[in-house]
Amino acid sequence: MELDELKNKWKALDEHIKSQDNKIQHLTDQIIAGKVKSPLDTLRRHCIIAAIFVPFMLPFFFWAYDFVGLTCGESQKLLLYTLTWLFVGFTFVREVYFVFDLKGINISKATAVESLQQTIRFRNHYKWGVTIDLIIGIVFLAVAFTSMNQMFMFGGIVGGIIGSLVGIKMYRFYNRTINNLESALREWNEES
Amino acid sequence: MKVNEAQKREQFEQCTAQYSTLINKICYMYASDMDNFNDLRQEVLINVWQGLEGFENRAKLSTWIYRVSLNTCISFTNKERKYSSHDELSDNIYSYDDSQEHMRQLKEMYQLIDRLNRLDKALILLWLDEVPYEEIGSIMGISRNNVASRLRRAKEKLTLMANS
């Protein structure tokens, strides 16, 4: 196909795509009414809610340790409390960080290249934030449930396995999408 | 409703009515299937709505719509290409009275441009719409001279792919 021919076909697409115009009107009304939200807005809202509620996990865990009773020595108890602070603290900081990091994606003002860079940056931060939290969470779970009786240890192992599988799947998903975006940017930069 | 909200609503409705074809075309060229097309289009419209307050009329509105549409599609197209799903997308886009040959040629155009990387694709789509080089540079974030040289390379790639 010659390039002039391509241009003609591109213009011809206008007539075909007109059939979709009335669907935009319906979407427009829904957006104005606030009935649809962008995925980034939804993610931002989830991060804010998580940041508000995560600190309450601390008193809950401490109450649980007292209620269930710890069956470990003093050094392991100290390790358990340290990991509890670390896990809850890191999760809280991560959620707050994501709320501000999302503001760095400015679709309506950035250039195409900047917008791609902003998206890659945020996704990398998100991927590593979730991965590190998962690692801390697994270690925390392992210590927590070996500090309690066998019933909780079993629950901890199951929780750890499920969490790991979900975490690995998320990590691989984000890796794939980030690699895709980065390769487009790399190819673009190599041509300059 | 407050005056500025009413104005924003009116501006949004005018904007989407005027540029609906442009938005649909860009989303079509980046989508892999019908669901992806609907998602991208929704995302573009939401970004237009949210960005309208910050649009300061320093640039042409059409340039800004291109910017928002392309930025959204470039950054948020994730799904791997499934050419078999493109048939479903085409069936929903093309009119029923189109000739088979015409539809085949439009699909060929889509598949050719789809083989470019997402940034080169944006460049070509802007060129196809005869957007001036200065505006292309402003949207992509490159100089006018860079636009010319990158376009030349992208066209060479397209010609090679079309002939292979």
Has the range A:56-68 got at least one residue that is modelled with pLDDT under 95, not in a helix (DSSP H, G or I) and not hydrophobic (A, V, I, L, M, F, W, C)?
no
Per the list (1) within 14 Å of chain B (Cβ to nearest Cβ); (2) within 26 Å of A:Ala51 (Cβ to Cβ); (3) of a type outside the set (Phe, Trp, Tyr), residue check on A:Leu181 breaks on (2)
Restricting the range A:24-40 to residues that are part of a loop (DSSP other than H, G, I, E, B) and within 7 Å of chain B (Cβ to nearest Cβ), the one farthest from B:Cys27 (Cα to Cα) turns out to be A:Val36
Subset of the range A:75-129, residues loosely packed, with under 15 Cβ neighbours inside 10 Å, β-branched (Val, Ile, Thr) and more than 18 Å from the chain's Cα centre (by Cα), comes to A:Thr82
Within the range B:32-43, how many residues are more than 9 Å from every other protein chain (Cβ to nearest Cβ) and in contact with a Cys (Cβ under 8 Å, 6 or more places away or on another chain)?
1
Filter result for the condition that a residue is in contact with a helix residue (DSSP H, G or I) (Cβ under 8 Å, 6 or more places away or on another chain), surrounded by fewer than 17 Cβ atoms within 10 Å (Cβ to Cβ) and not aliphatic (A, V, I, L, M), over B:Asn146, B:Asn117
B:Asn146
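For the range A:135-192, which residues satisfy the criterion of being among the polar types (S, T, N, Q), more than 30 Å from B:Phe76 (Cβ to Cβ) and not in a helix (DSSP H, G or I)?
The answer is A:Ser147, A:Asn149.
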Cross-chain or 6+ apart pairs with Cβ under 6 Å, the range B:98-126 first and within 7 Å of another protein chain (Cβ to nearest Cβ) and more than 16 Å from B:Cys27 (Cβ to Cβ), then of a type in the set (Phe, Trp, Tyr) and in a helix (DSSP H, G or I):
B:Leu119/A:Trp188
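Would it be correct to say that A:Leu86 is free of Cβ contacts under 8 Å to residues at least 12 places away in the same chain, in a helix (DSSP H, G or I) and among the aliphatic types (A, V, I, L, M)?
The answer is no for A:Leu86.
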Does the range B:12-26 hold any residues that are closer than 17 Å to A:Gln30 by Cβ, more than 7 Å from every other protein chain (Cβ to nearest Cβ) and in contact with an Asp or Glu (Cβ under 9 Å, 6 or more places away or on another chain), and which are they?
B:Ala17
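The values are calculated or read from the model by the stated rules, or taken from the named source; none is laboratory data. Just so we're clear, the structure is a prediction, and the values are computed from it rather than from any experiment. With ideal geometry, Cβ positions are generated from the backbone for all residues, glycine too; neighbour counts draw on all protein chains shown.
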